[in-house]
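Take a look at the structure set out below.
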Amino acid sequence: MTSSMEDAPLLTDSRTPNDPENDEEAHLSNNGSGSTRGPRTREAPREHTNFLPLRHGKFSKLEILLAFTSVVLLILMSVFAGLYAGRANKHILPPEHEQPPIIVPPNDTIKNPCLTPDCVIIAAQIISDMDPTADPCDDFFQYTCGGWIQSHVIPEDKGRYSYFDSLYEDNQKLLKGILENDFESIHKFKQDLPPPSEIIDKQNFYKLQSFYQSCMNESLINELDAEPLLPILAKILEDFPVDPKYSLLYNFGHLSEMEGQRGSSPNPLNLTNVLSRLSIFGIKPLFEFFVDADAKDPKNNVLYLSQSGLGLPSKEYYEEEEILSIYKDVMITLLNKALDYNNISLPLNNNFNASQDIFEDILEYSTEVLLYEEWEKNAIKIIEFEKKLAKISLSAEEFSDPEATYNNQTIVSLNRLSPSFLWSQYISSLLPPTSVGFPSRIILTSNKYFKDLSKLVNETPTETLQLYFIWQAIYTYADNLSENFRAPIRKLRAKIRGTDETVKPKRWEECLKSVDNTLGLMAGRYFVLKAFGGQSKETADQIIISLKDAFIKRLPQLDWLDEETRKKAIEKVDHIIQKIGYPVKSPDTMSPQSLAEYYATIDIKEDKFFENLLSAHAWASRKKWKEVGKPVDLGQWYMTPQTVNAYYNPTANEIVFPAGILQSPFFNAKAPEYINYGAIGMVVGHELTHAFDNNGRKYDASGKLTQWWSNATIEAFKEKAQCFVYQYGNYTIDDPKGNHVNLNGVLTLGENLADNGGLKESFQAWFTRFESDKDDKYNNQLLPGLQNLTREQLFYISFGRAWCSRIRPETAVERIRVDPHSPANWRVNGVLRNSNHFAETFKCRVGSKMNPVDKCSMW
């Protein structure tokens, strides 16, 4: 099942559990990059203008006139911005708050604000986003984002809208413009390539475009209806046969006569065969294998085995009857459409040799009411099984602990632990012939889950499991089938997220998500060429280096950190790898040859969208299993260049910032530094602090999961962390009925530590550069119309507005249950309530909402 990109773990570490909304949309688990696991997000860049070089000699009269007109317009924009801000900012600080002094570097005065087009636009956007009537010491999120909130509505088909989402849309529109034109139209920004490379680049472009167009051919997809899915359903019937006497499909129309009867427990060989085949199709009932760096031997890949198979976003939803009722109705509808014997026929196996009888029986009972009742009986069996599966599954909170989810097993011990499956058979069927050998170890995320799963499967009748596998196949691919399948899925999402089920997402948006999840790095090449130029990479690199320095300089100030641990922490920071913009190998995004080789075995046909997806899934499966036991490829990324997000990968000790997030309002190479440091600087600090949060701290400088802190420092860390757990656990959001729902302080601990530490580090990095800048090397000019605000205040405003967002109550509840990130308003207010410097900057009295007496601090 695909999903809307609407949500995004906004900045994460690569061990963050997959975000359900993002996972639904991920046709491939690798997000189109070919990696075997990883995080997500979005937002979008304004296109960089391509200026023609100035010619030598005199300017024409027309050029002089245009230049003069441009200067006049720029001055007028500045004047109007100043007049607007002068009016709007009369109440920017309440009268009782004393205005702090403005910090002015040498050779700079209030009378000389930055008047470049970028500065004027940034100033106007900040003024527009703010609510000058709000008290920054009462609700800073409202103060920085009140205007934005008032002027933006959540699209009816989405559960949330934010600056991340608007940037993501901009990125998608840029790619849409590229893919809906021919190859020659991109000549303005493509590289100067030698003829052989240009030919390959052109082939890559049309492969990418063919996939996009196959998805856009909605009329053909609707005409085919369930047909593309039937071969998969047929394989389920073939690999996992059921005794006709107990079959819930064979006896359709007579299910009431079977009450109290059940077939045998599943045959382990059949069970193993069907699960291994479904995994190639990207269908993951019961469990999922993935390949990643061994947390205790990070230079080598190892096979991980994890839980999977729930249809609803989290186990909590299986306790809500209202949600289960909708889920059941959607399941009935889709089962009926996929297995509609009146219109289509499945290739039936030997157990269905009386196939004509089944058609006659179904036709005999084919009134709408009776059909519903029969499918309802089947749907109830599936849901009851999923409820049992949910009960034995780990919660999102439990799943986030890297030590608890590292359980070393051999194939022999795994067979003893979970005997319902033939694990050797499963793994051998997927390992390539060129494999280095059978894996000696498998890491389980939970021993108890696989012990309980074996027992659950053994106690479940074969006919129920067969139906469950069929449902998993339908549910996984519903978004890639006709509108008959997509509409019921929207109904379920609408109930969970509070959206309008009647509003269809734009088809091009859905197809670009498929592009990103399938050929994402190939699309990333054209995105980077058009949107990520100039000094962006160099400027971002400087910001990251300065943040590292700031973090190291702060360590001696932490009295809870012992000297030996402090030295090792400095070593870890020094060893952090920083990646910016796009991959340069595995594959090289800027090399057409490298991209062509990387995606070579994905077969794309313009009129075969579903088959294109299957080919991509098979490619991803082969790639994953080839990596078992091999050295880790440090060149690979877990995000595509156009992604609006960033991540920290603990086993590689690396921080990664795709080009997609290095765009306004998070980053602009021409913006004043205090603006950039407030937004993207905090993002960098956030990812850097992940290396030392409650999970990241457990990995040393080489990426190894080991205890490298002293016991005394660990205990001091836990004590300070408990402050954050309690603090954020007492923050609330409102559910659809207006009831307060508390945040999960344990689940969100790592992200809250990263937010709090990241902002502190970013301010210190900026201020250090600012104070040392005696020659005005760095742009720290004030903004027009905002001269009554200090640079320090604008730093915090830049931070706050980056998180401007609106969210539906239903979606907010979903995020509380599954997302390790706090809601946007608490990512702003929660962090600033812990900042003494913020309180001093805005002159917030002690005891005010934004300056509570009790504060939490770690990094």
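The values are calculated or read from the model by the stated rules, or taken from the named source; none is laboratory data. Since the model is a prediction, treat every value here as computed from it, not as a measurement. For neighbour counting, all protein chains shown are included, and Cβ atoms are generated from backbone atoms with ideal geometry for every residue, glycine included.
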In region 175-209, what residues are closer than 14 Å to Ala523 by Cα, without any contact (Cβ under 8 Å) to a residue 12 or more places away in the chain and outside any loop (DSSP other than H, G, I, E, B)? Gly177
Filtered residue count, region 541-561, keeping only those that are of a type in the set (A, V, I, L, M), out of contact with any helix residue (DSSP H, G or I) (no Cβ under 7 Å at 6 or more places or on another chain) and in a helix (DSSP H, G or I): 1
Quick check on my filter: what residues within region 495-551 are within 30 Å of Tyr318 (Cβ to Cβ), of a type in the set (Lys, Arg) and in contact with a Phe, Trp or Tyr (Cβ under 9 Å, 6 or more places away or on another chain)? Lys495
Let me confirm something: among Val573, Val515, which residue is modelled with pLDDT of 95 or more, under 30 Å from Asp773 (Cβ atoms) and either aliphatic (A, V, I, L, M) or in contact with a Gly (Cβ under 8 Å, 6 or more places away or on another chain) (or both)? Val573
Glu687 - would you say it is surrounded by fewer than 24 Cβ atoms within 10 Å (Cβ to Cβ) and of a type in the set (Asp, Glu)? no
Considering each residue of region 294-305, count those that are more than 20 Å from Leu414 (Cα to Cα) and either of a type in the set (Ser, Thr, Tyr) or crowded, with 20+ Cβ neighbours inside 10 Å (or both), and give that number. 1
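Counting only residues that are within 25 Å of Asp693 (Cβ to Cβ), of a type outside the set (Gly, Ala, Ser) and modelled with pLDDT under 95, give me the helices (runs of 4 or more DSSP H) lying completely in region 387-463 with at least 2 of them.
Details: elements: 396-399, 411-417, 423-430, 447-459.
Result: 396-399.
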In this structure, is Ser197 surrounded by fewer than 21 Cβ atoms within 10 Å (Cβ to Cβ), at pLDDT 95 or above and hydroxyl-bearing (Ser, Thr, Tyr)? no
Checking Lys451, Lys504, Lys391, Lys495 in turn, the sole residue that is within 26 Å of Lys624 (Cβ to Cβ) and touching a residue at least 24 places away in the same chain (Cβ under 8 Å) turns out to be Lys451
Could you list all residues from region 123-169 that are in a loop (DSSP other than H, G, I, E, B) and more than 26 Å from Asp500 (Cβ to Cβ)? Met130, Asp131, Pro132, Thr133, Ala134, Asp135, Pro136, Cys137, Asp138, Asp139
Which of the following residues is over 17 Å from Tyr599 (Cα atoms), more than 34 Å from the chain's Cα centre (by Cα) and either surrounded by 16 or more Cβ atoms within 10 Å (Cβ to Cβ) or at pLDDT 95 or above (or both): Leu229, Leu237, Leu220, Leu233? Leu237
Please specify each residue of region 625-677 satisfying the condition of being farther than 22 Å from Thr539 by Cβ and in a strand (DSSP E or B). Pro631, Asn649
Suppose the filter is touching a residue at least 60 places away in the same chain (Cβ under 8 Å) and crowded, with 19+ Cβ neighbours inside 10 Å; does Ser429 pass it? no
Examine region 533-540 for a residue that is assigned to a helix (DSSP H, G or I) and either modelled with pLDDT of 95 or more or exposed (fewer than 15 other Cβ atoms within 10 Å of the Cβ) (or both), and state whether such a residue exists. yes
Output yes when any residue across region 306-323 is of a type in the set (Ser, Thr, Tyr), crowded, with 20+ Cβ neighbours inside 10 Å and closer than 20 Å to Asn447 by Cβ, and no when none is. yes
Give region 476-522 a look and list any residue that's crowded, with 24+ Cβ neighbours inside 10 Å, more than 20 Å from the chain's Cα centre (by Cα) and either part of a helix (DSSP H, G or I) or of a type outside the set (A, V, I, L, M, F, W, C) (or both), or say none. Ala478, Phe485
When region 540-564 is checked residue by residue, the ones that are under 11 Å from Trp766 (Cα atoms) and touching an Asp or Glu at 6+ places or on another chain (Cβ under 7 Å) are Leu547, Ala550
Can you tell me which of (1) modelled with pLDDT under 95; (2) in a loop (DSSP other than H, G, I, E, B) is the one Ile816 doesn't meet? (2)
Looking at (1) over 18 Å from Phe385 (Cβ atoms); (2) crowded, with 20+ Cβ neighbours inside 10 Å, which is the only condition Tyr449 fails? (1)
Condition (residue is hydrophobic (A, V, I, L, M, F, W, C) and without any contact (Cβ under 8 Å) to a residue 24 or more places away in the chain) applied to region 124-144: is it met by at least one residue? yes
Which numbered condition in (1) in contact with a Cys (Cβ under 7 Å, 6 or more places away or on another chain); (2) surrounded by fewer than 23 Cβ atoms within 10 Å (Cβ to Cβ) is the only one that Lys670 fails? (1)
Selection count, region 587-598, where residues are outside any helix (DSSP H, G or I) and either buried (at least 22 other Cβ atoms within 10 Å of the Cβ) or touching a helix residue (DSSP H, G or I) at 6+ places or on another chain (Cβ under 6 Å) (or both): 3
Of the criteria (1) in contact with a Pro (Cβ under 6 Å, 6 or more places away or on another chain); (2) surrounded by fewer than 21 Cβ atoms within 10 Å (Cβ to Cβ), which one Phe842 fails: (2)
Just to be sure I understand the filter: pairs with C-beta atoms under 7 Å, separated by 6 or more residues or on different chains, first member in region 592-608 and more than 15 Å from Glu198 (Cα to Cα), second member at pLDDT below 95. Which pairs pass? Tyr598/Gly34
Confirm whether Phe527 is under 30 Å from Lys670 (Cβ atoms), of a type in the set (Phe, Trp, Tyr) and within 20 Å of the chain's Cα centre (by Cα). yes
Condition met for Ile604 (part of a loop (DSSP other than H, G, I, E, B) and of a type outside the set (Ser, Thr, Tyr)): yes
